[in-house]
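Undergrad: Let me begin by handing over the structure; questions about it come next.
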Amino acid sequence: MTAGFLGVTYDWVKAAHLIFVIFWMAGLFMLPRYLVYHQEGMGDATDEARWIDREAKLRRIILTPAMVIVWVLGLALALNAGIADGVPGLGWLHAKILLVFLLSGYHGWAVGYSKKLARGQRSVSNRALRMLNEVPGIAVTLIVILVIVKPF
């Protein structure tokens, strides 16, 4: 597809978007697991320091930069598809954007909780933390279905 303002760069933008989605999802699969291990290991200062460092590097190097790039490229693709022009048949894209918005909120929560753990504060049980670990997998499953099947 070369229509829209992206023209011949459309395929490159789409490829970059997907690459950074993979990076972001890798980080969203890793950070919650790190949080589980970090929380379970609280009390051992050396172990805690390692988890704090790992989490900070993951957030700073992979997770947050990838999310920002996903949003920038994704919005360019959505605008190119005509989402702001009222093009019909984009219900799936509206649903996808809603899920990505919610996933971004989850990202923010996980980053915030990692910083709370770094301060020695825990407010979520180990069991609940393990359950929350599944959120990115469920979200990405729904997003992929929306993008590939375009059910509405």
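The values are calculated or read from the model by the stated rules, or taken from the named source; none is laboratory data. Predicted model only: the values in this text are computed from it and were never measured. All Cβ positions, even for glycine, are placed from backbone atoms using ideal geometry, and neighbour counts span all protein chains on display. Please note that ligands, DNA and RNA were not included when accessible areas were found on the heavy atoms of the full protein model with its side chains. Shrake-Rupley method; radii C 1.70, N 1.55, O 1.52, S 1.80 Å.
Undergrad: Sort out which residues of the range 108-135 are open to solvent by less than 60 Å² (accessible area, probe 1.4 Å) and of a type in the set (S, T, Y), and write them in order of number.
TA: Passing the criteria: Y113, S114.
Undergrad: Going residue by residue through the range 38-45, is there one that turns out to be part of a helix (DSSP H, G or I), within 30 Å of I97 (Cα to Cα) and not charged (D, E, K, R)? Lay out the reasoning, then the answer.
TA: Going through the range 38-45, the residues part of a helix (DSSP H, G or I) turn out to be 38-40, 45.
Still in the running and within 30 Å of I97 (Cα to Cα): none.
Looking for residues that are part of a helix (DSSP H, G or I), within 30 Å of I97 (Cα to Cα) and not charged (D, E, K, R), one finds none in the range 38-45, hence no.
Undergrad: Next question. In the range 37-77, what residues are crowded, with 18+ Cβ neighbours inside 10 Å and among the basic types (K, R)?
TA: If the condition is that a residue be crowded, with 18+ Cβ neighbours inside 10 Å and among the basic types (K, R), then R59 is the only one that fits.
Undergrad: Need pairs with beta-carbon distance below 6 Å; first residue closer than 12 Å to P32 by Cβ and within the range 125-152, second open to solvent by 80 Å² or more (accessible area, probe 1.4 Å) and at pLDDT 95 or above; sequence gap 6+ or separate chains.
TA: P136/F29
Undergrad: Keeping to the range 78-94, report how many residues are surrounded by fewer than 18 Cβ atoms within 10 Å (Cβ to Cβ), touching a residue at least 40 places away in the same chain (Cβ under 8 Å) and in a helix (DSSP H, G or I).
TA: Qualifying residue count for the region: 3.
Undergrad: Tell me which of these V111 doesn't satisfy, since it passes every other one: (1) at pLDDT below 95; (2) touching a Lys or Arg at 6+ places or on another chain (Cβ under 7 Å).
TA: (1)
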